[in-house]
Structure formats: structure tokens, C-alpha cells
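See structure below.
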């Protein structure tokens, strides 16, 4: 239960967040009104257990079946699909009418559920295409990727294994890598869902460090082949921007004035320092959902470059009552079905290019 100090602290954080969002909204709106720029957006969301209702004998998905502990019926599944589509359809539309050009997703059971998502009436007109590769995760959830073919052309997609250092028998999510051309410019996106904090943050830390090393190795290999490739390392990292898997093993900085050659800009670092997060636990916020960008994303606007970062946390995405008021409005809470959206807020970056 939230105590008074916790409530006051979270209220203060909310006020700080409102100020930051208003500032970002103002700058993004200014950019949109400037007719000299093209604008687009790239997003990520941990959608929290997007399972179908069927029992896959190769996955531990029994709880997400009609007879399982979550009583996961067709009605609940389609409500979830509609809720997710509602959110994705609205993200970034205040800066570009086309919304998100590309988006990474995680906690996806299979390609079929993503097909149901992009075919929803709210999203169908965007003609999103899908990249999904089945991985070894014990719960059967994987990263996935959707893209608007008007903006992005896929050239190659592959997944890379991540090993649980503390328990090699336990299988975790792969890293999904999608490479192609964003309006003619080379772009590679790494969609991650790093090992959880099961057993405690410290005890499980080696597993996320190992995942970070894999991601950094992948990114280095891409850059070695073509130094001009833009790279976005996105995902639920199960750690904050200041944890060592991000700061040390990916190699990140949070202020463009502190740029280090070969390292990655983390636009979420300043948000986190201000007390802003994408998920809440025990009266505090974490910012596990991040998008990290390499140097080719940070130049002048003669090519597609970073402009702003957003955490999409509209009021309807927050629980409005009880002990978890203000937290992300999740699908299940305390074992009971609440018909929410996800236990994480989605995030996105705004990118821009000067018109010639």
C-alpha cells in the first residue's frame, strides 16, 4: 500500500513529468509547423503478455488459455488487441499524421497475434508489415517489429541468442535485428527484452550485462560494415539508464555535450534523472524502456536525425484508483482481470529531416 510519503513523492514526480512533456510537446509542435522539415517517429512498447488463447505445447502458456489461471478468453484477447491498437494509432500523431513509422514490441507470443494487431481497424490503413522470429524463451514470448512500408524497406532480419549466465538451462529472449533503408538511408534496429531481475537486481545483473555485450557486439559489426548506418538499440532492458549494462556495456551518455566517439546517446537518461519512468514498483519509477542512438542519428538535419523523446502516458493508460493509482493500467492486477493496457508505458523518438 502506498504511504503518504510515497504518494507525495509520486505526485511531485508527476508534476515534473508534466512540465517536461509540455516542453517537449511545444518543441515538437513547433517543428511540425515548420514546413521546411519532414517528420517521423520510431517507437517501442512492452505490451505485457500478448498471448493468443491456444495452448502451444512447446511453450509455457497454459495460464493464458480459457481454462488457465488467467481465464484468457477470446473476449479478453480481442479487448487487449483493440486496446493496443488504440494506443499505437495515437502515438506521435501530434507531430506527424502517419504516426509511428516503425515500432519494436516485446512480450509477443507469435506472429499471428501481431497480425491481428496490425489488421485492427484503428491501424489497418497504415498497412504495417511484420518481422517476427520465434525464439527459445521458456514462456514463449519474443521481440517483434512492425513497420510502415512507405517509410522503411527491410533488407535483412535475424535474431541472436542471449545466454542466462546464472542459469544456462533457462532460455530467454533473443535480440531481433532488422536492417534496411529508412527513406533510402541505412538503418538497423535491435529490439531487445533483456533478462529479468528475478532473484534480485544484483544477483541477476550478470545476465543483463551479458545481453548488453551481445547487443553491442551486433551493433559494432553493423558499423564496421557501414559506418554511416543509423542504429537504434531499443527495448525493455529490465534496467534503468544509469545501470552498468547500459552505461558500461553498451556505452551511453545522456547529454549531447558529453558525446563519446563510438558510444550511444540515451535520450531517456535525463528523463530518469528527473524521476520519470515507464513502469512503477513499490512507490518508485523505473525507466526500463529505452531507445539508444548512435552518432549518425545525431547530425544535421540534411538526413533523418533525432529531435525529441517521448514517454506516451495518456491518462487512460494509468490506473485511476486503489493502491496502484497513477501506475500503468495493466491487464491483470493482483491476479484479477482489470481490462487494462500494459504494465509499461510506450516510448518513442521524433526524427526529422530538412526538405531540400
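The values are calculated or read from the model by the stated rules, or taken from the named source; none is laboratory data. Source: prediction; values computed, not measured. Please note: Cβ atoms are built from the backbone with ideal geometry, for glycine as well, and neighbour counts cover all protein chains shown.
Which residues, counting only those in the stretch 182-195, are outside any strand (DSSP E or B) and touching a helix residue (DSSP H, G or I) at 6+ places or on another chain (Cβ under 7 Å)?
Across the stretch 182-195, the qualifying residues are 194, 195.
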Practice task
Can you work out which of the residues in the stretch 167-181 that are within 30 Å of residue 38 (Cα to Cα) and out of contact with any helix residue (DSSP H, G or I) (no Cβ under 9 Å at 6 or more places or on another chain) is surrounded by the most Cβ atoms within 10 Å (Cβ to Cβ)?
Solution key: 176
Completion exercise
If we ask which residues in the stretch 196-226 are assigned to a loop (DSSP other than H, G, I, E, B) and in contact (Cβ under 8 Å) with a residue 60 or more places away in the chain, their number turns out to be 0
Exercise for the section: Identify the residue in the stretch 57-112 that is touching a strand residue (DSSP E or B) at 6+ places or on another chain (Cβ under 6 Å) and assigned to a helix (DSSP H, G or I) and, among all such residues, is surrounded by the fewest Cβ atoms within 10 Å (Cβ to Cβ). Expected result: 111
Handout entry: Residues being modelled with pLDDT under 95 and touching a helix residue (DSSP H, G or I) at 6+ places or on another chain (Cβ under 9 Å) - total across the stretch 24-54
Key = 1
Problem - Enumerated strands (runs of 3 or more DSSP E) restricted to the stretch 253-356, each holding at least 2 residues that are closer than 18 Å to residue 104 by Cβ - result: 289-293, 305-311, 347-354
Practice task
Filter the stretch 31-51 down to residues that are surrounded by fewer than 18 Cβ atoms within 10 Å (Cβ to Cβ) and not in a helix (DSSP H, G or I), then give me how many there are.
Solution key: 5
Exercise for the section: Among the residues of the stretch 240-250, count how many are under 18 Å from residue 162 (Cβ atoms) and either touching a strand residue (DSSP E or B) at 6+ places or on another chain (Cβ under 8 Å) or part of a helix (DSSP H, G or I) (or both). Expected result: 6
